[in-house]
Amino acid sequence: MTVKLFFQAIGKFIAGVILIGLLLFLPAGSFGYRNAWLFIGILFIPMFIAGIVMMFRDPELLKKRLNAKEEQKEQKAVVALSGLMFSAAFIVAGLNYRFSWIVTPDWLVYVGAGVFLLAYVMYAEVLRENAYLSRTIEVQEDQKVIDTGLYGVMRHPMYSATLFLFLSMGVVLGSPISVAITLLYIPIIAVRMKNEEKVLEEGLEGYAAYKKRVKYKVIPFIW
């Protein structure tokens, strides 16, 4: 762990809390939006804990996860579209609370929170299994194909975890319209995976054979 990495991680964490808080509470027009507080809690508390663990146990992995600058032209477009999608989902959720367009029952909100946390556990397991994980599309020095654990079932378990995270997000926020908006994540990650697999096949030895062994990308027997 370095002081620079510590402050970089803390800075991005605080910036994320502030940004999402603004996107939720400003449209809601109130800090009484309980679903937003629940969402911020289940999103950022596990994120903080995971960051602390990585900082002491695997700072190189944390450094990779903090680096979000894409070099691939296709991926820059994917990142921009994802940002617009999430911003729209958060703003609509706040407006839904303010104007009571659709009221979601509490039990469904709690189910959504449960799915969100389970997806977080899956996310953590993927981080544990694959030390080469980066937020950018690249082939790293001495990288090897990971084909055990979740990677023996699907080629992109990280996207499986984020898919469930993002689709349950709107449920936790009590906004079915936001759920509909986050469905756009499916074609977005489809484009990202297509480009990612092209890069991996060209630059990572054994990946083409791995694709033949593991047929499913995100959800076994479905996708």
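No lab work stands behind these numbers, since they all come straight from the coordinates. For clarity, every value in this text was computed on a predicted model and none was experimentally measured. Methodologically, a virtual Cβ is constructed for each residue, glycine included, from the backbone with ideal geometry; neighbour enumeration extends over all protein chains shown.
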Residue (of Phe6, Phe44, Leu84) at the positive-pole extreme of the chain, dipole from beta-carbon charges: Leu84
Helix axis angle, 73-99 relative to the chain longest principal axis, alpha carbon, degrees: 20 degrees
From phi via Karplus (6.51, -1.76, 1.60), per-residue ³J(HN,Hα) for region 203-213 in Hz, x at Gly/Pro: x, 10, 4, x, 6, 4, 5, 4, 4, 6, 6
For region 119-126, 3J(HN,Hα) per residue [Karplus equation, 6.51 cos²θ - 1.76 cosθ + 1.60, θ = phi - 60°, Hz, x = Gly/Pro]: 5, 5, 4, 4, 4, 5, 5, 5
For region 181-223: rounded, prolate or oblate by the Cα gyration tensor [a/c cutoff 1.5]: oblate
Value of [θ]222 nm, deg cm²/dmol, for the chain, DSSP H segments ≥ 4, -39500 (n - 2.57) each, nearest 500: -24000 deg cm²/dmol
Entries in Lys63/Lys217; Lys76/Lys212; Lys4/Lys212; Lys12/Lys212; Lys144/Lys215 that, when Cα-Cα distance is taken, lie over 30 Å: Lys4/Lys212; Lys12/Lys212
Longest exposed-site-free window of the chain, the sites being GluC sites (Glu not before Pro) in a DSSP loop that have at most 16 other C-beta atoms within 10 Å: 1-70
Prolate/oblate/rounded call for region 3-213, Cα gyration tensor, a/c under 1.5 rounded: prolate
Principal-axis tilt of helix 157-172 within the chain, Cα atoms, nearest 10 degrees: 0 degrees
Using θ = phi - 60° and Karplus 6.51 cos²θ - 1.76 cosθ + 1.60, couplings along region 29-42 (whole Hz; Gly, Pro as x): x, 6, 8, x, 6, 4, 4, 5, 5, 4, 4, 4, x, 6
Dipole of the chain [Lys/Arg +1, Asp/Glu -1 at C-beta], most positive-end residue of Leu95, Leu108, Tyr185: Leu95
